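*Asks:* Can you keep this structure in mind? I'll have questions shortly.
The values are calculated or read from the model by the stated rules, or taken from the named source; none is laboratory data. Treat the numbers as computed from the prediction; the structure is a model and nothing was measured. Using ideal geometry, Cβ is built from the backbone for each residue, glycine included, and neighbour counts are taken over all protein chains shown.
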Amino acid sequence: MDNSLYVRCDISGDEVVIEAAIPGSELHPRLLAEIKADFPNFKPESYISLNRLMPYVNRAVDRVQLVPAGQQLTAPPDVDANLTLGQRLADKIADFGGSWTFILTFLGVMVSWIGLNAWIFANRGFDPYPFILLNLVLSCLAALQAPVIMMSQNRQEERDRERARQDYEVNLKAESEIRLLQQKVDMLLQKMR
């Protein structure tokens, strides 16, 4: 006596063993959309036999391609392509301001300034000790450099956000393709039993 449960395939109308059928609720959304394109009344609680499902799996896998046939991979849009002069300038100043070249040059200028005024001009130079003019120059430099660096950091955040969005989209596509391929392998394995 056969104790197998049977369900009706809502595509063919045939009675099939439940192990050879899958409910619509367990199908990938793209696969369900492929079936609904041909059978609009197919619902998540409907069943489809593995034999009838295979062509839809093949069609869904064929449609999920990261690069369509005949096309080359294109680079993601360049977020730096339409920068204003101020944005480009802020990036260059921030790059220079955070380099060893700037640090060593700045250190050289300060030592020269102090040495020139304190020792060479014997504190009677253009900026005698306590170097008030040097303090003014340093304050102005810090006051101007901070907002420029912040502008550049904002640009970097925009680039990072765009890169993260693009990575997310690629990951979603890859995950979708892997799920479809996994369903195809599962169905092939069930068919072989």
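*Asks:* What is the one condition in (1) closer than 29 Å to Asp160 by Cβ; (2) at pLDDT 90 or above; (3) not aliphatic (A, V, I, L, M) that Ser112 does not satisfy?
*Replies:* (1)
*Asks:* Another one. For the stretch 85-129, what are the residues that are more than 54 Å from the chain's Cα centre (by Cα) and surrounded by 13 or more Cβ atoms within 10 Å (Cβ to Cβ)?
*Replies:* Matches in the stretch 85-129: Asn117, Ala118, Phe121, Gly125, Pro128.
*Asks:* On to the next question. In this structure, is Met54 of a type outside the set (Val, Ile, Thr), part of a helix (DSSP H, G or I), at pLDDT below 90 and not assigned by TED's automatic domain parsing to the domain that holds Leu138?
*Replies:* Yes.
*Asks:* Just one of the numbered conditions (1) at pLDDT 70 or above; (2) hydrophobic (A, V, I, L, M, F, W, C); (3) not in a helix (DSSP H, G or I) is not true of Leu66; which one?
*Replies:* (1)
*Asks:* Taking the stated definitions as given, is Val170 touching a residue at least 12 places away in the same chain (Cβ under 8 Å), in a helix (DSSP H, G or I) and either among the hydrophobic types (A, V, I, L, M, F, W, C) or exposed (fewer than 11 other Cβ atoms within 10 Å of the Cβ) (or both)?
*Replies:* For Val170, the condition - touching a residue at least 12 places away in the same chain (Cβ under 8 Å), in a helix (DSSP H, G or I) and either among the hydrophobic types (A, V, I, L, M, F, W, C) or exposed (fewer than 11 other Cβ atoms within 10 Å of the Cβ) (or both) - is met.
*Asks:* Of all residues in the stretch 130-142, how many are surrounded by 13 or more Cβ atoms within 10 Å (Cβ to Cβ) and under 17 Å from Ile93 (Cβ atoms)?
*Replies:* 2
*Asks:* Would you mind stating whether Gln145 is under 30 Å from Asn51 (Cα atoms), surrounded by 13 or more Cβ atoms within 10 Å (Cβ to Cβ) and in contact with a helix residue (DSSP H, G or I) (Cβ under 7 Å, 6 or more places away or on another chain)?
*Replies:* No: the conditions fail for Gln145.
*Asks:* Restricting to the stretch 107-129, name every residue that is within 26 Å of Ile93 (Cα to Cα) and not aliphatic (A, V, I, L, M).
*Replies:* Across the stretch 107-129, the qualifying residues are Gly108, Ser112, Trp113.
*Asks:* Condition test on Arg155, is it surrounded by 13 or more Cβ atoms within 10 Å (Cβ to Cβ) and on the phi < 0 side of the Ramachandran plot?
*Replies:* Answer is yes for this residue.
*Asks:* Here's something else I'd like to know. With respect to Glu177, is the statement that it is surrounded by 12 or more Cβ atoms within 10 Å (Cβ to Cβ), among the acidic types (Asp, Glu) and modelled with pLDDT of 85 or more true?
*Replies:* no
*Asks:* Related question: Quick check on Glu158: is it out of contact with any helix residue (DSSP H, G or I) (no Cβ under 9 Å at 6 or more places or on another chain) and in contact (Cβ under 8 Å) with a residue 12 or more places away in the chain?
*Replies:* yes
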